[in-house]
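Trainee: Starting off with a structure, shown below.
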Ligand SMILES: *Cc1c(COP(=O)(O)O)cnc(C)c1O
């Protein structure tokens, strides 16, 4: 077994223990929480190890990286002759800022979910491209829930309306909300942003926005995922904690 695989296996064990503990504290089932492995700090060997260890959800925050990594991985998995995961078992997520002129390239990779939709114009471009491909793409609305000045994400007060507009588009499916927690020294200071996203999520669900497809809260990264789980996260975007 390679040293890299060994390290990732240990990290994953530790992360799973923390997930289980946070679920227990908040009386949630571990089945409600999924790890999305953020591969930006990993190399191909690391990514393959993660896939071999059973992680099927992978993510990049940069378009160019997403194009390269998804192509490299599917080539590597296609070459593999005996057993193990295949390319079709792996799903890529786009989690970083996306410009409209990059939407086509991103969809061409076969990405399954875009976490970073924060404007109607971007959603419309995704919809138009998806329509031409005769596909439906899951998207999350990125919300800026922390006081700090974040460059991306729609304001909490504008999210519900934008969400409703997005649900009128035929080839995108609004699957939930995403936020990036604030940079904090004390972990508990991250909690208000996550609980704000959770409240917004509950409100939007109550209004019926997105229907049954509206079910995901993408929040929590290596530093703060236990708190995010306590506040209702369903998708954890974990990079360094897994690969470093
Ligand atoms: C890099 C990144 C992550 C993962 O962060 P880690 O601290 O490495 O776990 C999650 N979400 C987004 C949007 C990122 O860019």
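Trainee: Inside segment 91-102, can you point out the residues that are buried (at least 23 other Cβ atoms within 10 Å of the Cβ) and not in a strand (DSSP E or B)?
Mentor: Listed by number, the residues that qualify are 95, 98.
Trainee: Can you say whether residue 11 is part of a helix (DSSP H, G or I) and more than 21 Å from the chain's Cα centre (by Cα), as far as the supplied structure shows? Quick ask: steps written out before the conclusion?
Mentor: Details: part of a helix (DSSP H, G or I): yes; more than 21 Å from the chain's Cα centre (by Cα): no.
So residue 11 does not fit the description; no.
Trainee: Please go through segment 106-121 and give me each residue that is surrounded by fewer than 21 Cβ atoms within 10 Å (Cβ to Cβ) and farther than 19 Å from residue 57 by Cα, ordered by number.
Mentor: Matches in segment 106-121: 119, 120, 121.
Trainee: Out of the residues in segment 175-191 meeting the condition of being in contact with a helix residue (DSSP H, G or I) (Cβ under 6 Å, 6 or more places away or on another chain) and under 12 Å from residue 118 (Cα atoms), tell me which one is surrounded by the most Cβ atoms within 10 Å (Cβ to Cβ).
Mentor: The residue in question is 179.
Trainee: I'd like the full set of residues that are away from the ligand (no atom under 16 Å from the Cβ), part of a helix (DSSP H, G or I) and touching a strand residue (DSSP E or B) at 6+ places or on another chain (Cβ under 9 Å), limited to segment 212-244.
Mentor: The one that is away from the ligand (no atom under 16 Å from the Cβ), part of a helix (DSSP H, G or I) and touching a strand residue (DSSP E or B) at 6+ places or on another chain (Cβ under 9 Å): 213.
Trainee: Any residue that is exposed (fewer than 14 other Cβ atoms within 10 Å of the Cβ), in contact with a helix residue (DSSP H, G or I) (Cβ under 9 Å, 6 or more places away or on another chain) and assigned to a loop (DSSP other than H, G, I, E, B) - is there at least one of those in segment 154-167?
Mentor: Scanning segment 154-167, I find no residue that is exposed (fewer than 14 other Cβ atoms within 10 Å of the Cβ), in contact with a helix residue (DSSP H, G or I) (Cβ under 9 Å, 6 or more places away or on another chain) and assigned to a loop (DSSP other than H, G, I, E, B), so the answer is no.
Trainee: Let me ask another. Just one of the numbered conditions (1) closer than 26 Å to residue 19 by Cβ; (2) surrounded by 14 or more Cβ atoms within 10 Å (Cβ to Cβ); (3) touching a helix residue (DSSP H, G or I) at 6+ places or on another chain (Cβ under 9 Å) is not true of residue 62; which one?
Mentor: Failed condition: (1).
Coordinate-derived values only; no laboratory data. Being a predicted model, the structure only gives us computed values, none of them experimental. Cβ coordinates were reconstructed from backbone atoms using ideal geometry, including for glycine residues, and neighbour counts include every protein chain displayed.
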